[in-house]
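Beneath this line is the structure, given in structure tokens, with notes to follow.
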Amino acid sequence: MVIPVHEPQVRPDPLNNTSAHHSGGSHSDRTRSGVNPVGVVLLAAALFQIIGAVLPAVFDWGIAVNERSFQAQHPLVPEGAAFSIWSLIYLLGVVSGIWAVLPANTRPQRFRFAVLCLSLIFVMNGFWALWVPFRGFDPASVIIIVISVVAGLSALMQLKHQKLDVKDILFVALPLALVTGWVSAALTVNITSALVESGFAAFDPRVPMNSGFVLMVLVLFAMTMIWLTRSRLYALPVMWALFWILSAAVNRDQLPLMAALAGIGIGFILVELVVISLRKRKDRSDVMEI
């Protein structure tokens, strides 16, 4: 008698299923093979920021921001050269956006929160540039900048605990810290300009003592955020703004208080940066200084 031999049925191995591999694929494979959506958002936001700043000047919409700043002249308004930092912010934004959309680049996905916060800041900057020529320095313009400051500082706080390489610093941390530091300084100028335009008599920023008080609040706020974020890059635009406030105070004459306070503020921030660097060397912690 011949006993039939049944060959065991071979089940397809899902791990070696070629059709399933090609049809489905993993999320990381799709991210690497296509354009990163987070990068698209960042690049679009960076371009919108530039468009928002250019459109009012091209089509002569409303009153230019620099003219409104001149009309609301007070001791906290820096010299015009201070605003040249916007060119660097625009350039870094576009470069970062192009870097973020590269198909093989997965770094923006790792720093998704920071990249999205940076995108939000760029969008808010664009809206602010479109809003102020028509409505001036009003509470809405202040709220727009507050949103940017909160988003930027939140992202910097998260980056503090991340392992960053050179590219991460150049394309994420650098533009984020610079624009956050600048809008932090711009917030105080926007608030005081709004008070001047509204005619708020109880606290007139055109009085040097009042502007000096606001300036010291800015310095204390900036020093607190520098300490919490451990970001030296954040300190740079703040010191840039303080320097041009100092320069404006010297050129306007009869404002020695503002010049002195701005100079003292720069000195305090420099000392703080030295202390942070020394603590970093002593502790040898994993906290990344940016």
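The values are calculated or read from the model by the stated rules, or taken from the named source; none is laboratory data. None of these values were measured; they are calculated from a predicted model. Quick reminder, even Gly has a Cβ in these numbers, built from the backbone with ideal geometry, and neighbours come from all protein chains shown.
Identify, by number, the condition in (1) part of a helix (DSSP H, G or I); (2) among the aliphatic types (A, V, I, L, M); (3) closer than 30 Å to residue 102 by Cα that residue 164 doesn't meet.
Only one criterion in (1) part of a helix (DSSP H, G or I); (2) among the aliphatic types (A, V, I, L, M); (3) closer than 30 Å to residue 102 by Cα is unmet by residue 164, namely (1).
Could you check residue 202 against (1) among the aliphatic types (A, V, I, L, M); (2) farther than 30 Å from residue 139 by Cβ; (3) modelled with pLDDT under 90; (4) more than 22 Å from the chain's Cα centre (by Cα) and say which number it fails?
(2)
Within segment 52-88, can you find the residues that are in contact with a Leu (Cβ under 9 Å, 6 or more places away or on another chain), among the hydrophobic types (A, V, I, L, M, F, W, C) and assigned to a helix (DSSP H, G or I)?
53, 55, 85, 88
Of these, 235, 260, which one is surrounded by 13 or more Cβ atoms within 10 Å (Cβ to Cβ), over 21 Å from residue 70 (Cα atoms) and more than 25 Å from the chain's Cα centre (by Cα)?
260
Hey, among the residues in segment 193-228 that are within 19 Å of residue 85 (Cβ to Cβ) and β-branched (Val, Ile, Thr), which one's surrounded by the fewest Cβ atoms within 10 Å (Cβ to Cβ)?
226
For segment 40-74, which positions are at pLDDT 90 or above and not hydrophobic (A, V, I, L, M, F, W, C)?
Passing the criteria: 49, 52, 56.
Of the numbered conditions (1) surrounded by 15 or more Cβ atoms within 10 Å (Cβ to Cβ); (2) in contact with a Ser or Thr (Cβ under 8 Å, 6 or more places away or on another chain), residue 116 fails exactly one; give the number of that condition.
So the condition that residue 116 fails would be (2).
When the residues of segment 168-188 are narrowed to those that are surrounded by 24 or more Cβ atoms within 10 Å (Cβ to Cβ) and of a type in the set (Val, Ile, Thr), which ends up farthest from the chain's Cα centre (by Cα)?
Per the criteria, the residue is 172.
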